[in-house]
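Below is one structure, written out as structure tokens, with a few remarks after it.
Since every read-out is calculated from the coordinates, none of them should be taken as a lab result. These numbers come from a predicted model, not from an experiment. All Cβ positions, glycine included, derive from the backbone under ideal geometry; neighbour counts span all protein chains shown.
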Amino acid sequence: MRELNKLFEKNKGWVKKITTEDPNFFSALAKEQKPEYLWIGCSDSRVTPNQIVDLLPGEIFVHRNIANLVVHTDLNCLSVMQYAVEVLQVKHIIVCGHYGCGGVKAALGARQYGLIDIWLRHIKDIHRRYIIEMDSLQDEDEKFRFLCEKNVIEQVANVCNTTIVQNAWKSGRKLVIHGWIYDIEDGMLKDLDVCISGLEQVESTYKMA
Ligand code: CO
């Protein structure tokens, strides 16, 4: 017996809605995808890329993990990035974090959660990097929001520090890396103004020849 019938019903309704507006939508999209954006975001069920920016299937290539981390040894994330940049030739990479991120919250505390602690350790390292600024903030919620933002900024740097992105710039390609944060309280996106669009903006330690 098939379960989750409700979801299959919703799928039918969705297909009908789209094909009523554009009967060729799926057949055209089946031939090729040409997304302009790679979205690296959190797995959080409330932060759904296509819906947030109101774009259709085919318009965003997506990688999501807990707390939108870009770890330089994570083959999964790096493979997505390489494919997006080199094959799909996306023009923008958006790292989008969000306030109220459970991963960031967990990294702020001392409680053990099991295997995921290894993943969250990357956020603890960011916390340590900004310890002076963090300690100067009185309010716990302010600290939480601050770390959510700094986490995005650090991941933007991690994207730029890859040879994938640096080689694209060296070949003269237009590729812009953005850091955004989403507010789950009101659905609004905020640009953290950390746009990076060329090798000259990369920290010298991480610049590859
Ligand atoms: Co999150």
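The per residue volume of the convex hull around the alpha-carbon atoms of the chain is 170 Å³. For the stretch 201-206, putting each phi into the Karplus relation 6.51 cos²θ - 1.76 cosθ + 1.60 with θ = phi - 60° gives couplings of 8, 8, 4, 4, 4, 9 Hz, in residue order, rounded to whole numbers and with x for Gly and Pro.
Sorting 144-150, 199-205 by average packing, meaning the other beta carbons within 10 Å per residue, from highest down gives 144-150, 199-205. Legend: distances between Cα atoms for 6/31; 10/143; 10/174; pairs beyond 32 Å are 10/143; 10/174. Dividing the C-alpha radius of gyration of the stretch 1-105 by 2.2 N^0.38 Å, with N its residue count, gives 1.25.
Around the amide H of residue 195, modelled in the peptide plane, lie the amide H atoms of 179, all under 5 Å away and 5 or more residues distant in sequence or on another chain. The gain in end-to-end length when the residue 124 to residue 46 segment is fully stretched comes to 25.7 nm, 0.36 nm per residue minus the alpha carbon separation.
Specify the residue with the greatest mean-square fluctuation among 63, 98, 72, computed from a Gaussian network of the chain linking alpha-carbon atoms under 10 Å apart. Among 63, 98, 72, the largest GNM mean-square fluctuation belongs to 72. Each label was represented as a point 7 Å from its Cα along the Cα-to-Cβ direction; for residue 170 and residue 8 these points are 5.2 nm apart.
Against the main long axis of the alpha-carbon atoms of the chain, helix 140-160 sits at an angle near 70°. Between the residues 57, 156, 189, the greatest Cα displacement towards the positive end of the dipole of the chain, with unit charges on the Cβ of Lys, Arg, Asp and Glu, is found for 57.
Residue by residue, the stretch 99-107 carries 3J(HN,Hα) couplings of 5, x, 5, x, x, 5, 4, 4, 5 Hz when phi is fed to the Karplus relation 6.51 cos²θ - 1.76 cosθ + 1.60 (θ = phi - 60°); x denotes Gly or Pro. Reported to the nearest whole Å, the Cα centre-to-centre distance from the stretch 1-42 to the stretch 163-196 is 26.
GNM on the chain, alpha-carbon springs under 10 angstrom: the most fluctuating residue among 105, 17, 34 is 17. Helix 116-129 and the longest principal axis of the Cα set of the chain meet at an angle near 50°. Computed from Cα atoms alone, the Kirkwood hydrodynamic radius reported for the stretch 94-167 is 13.1 Å.
When the chain is treated as a GNM with alpha-carbon contacts under 10 Å, the residue of 90, 15, 156 showing the greatest mean-square fluctuation is 15.
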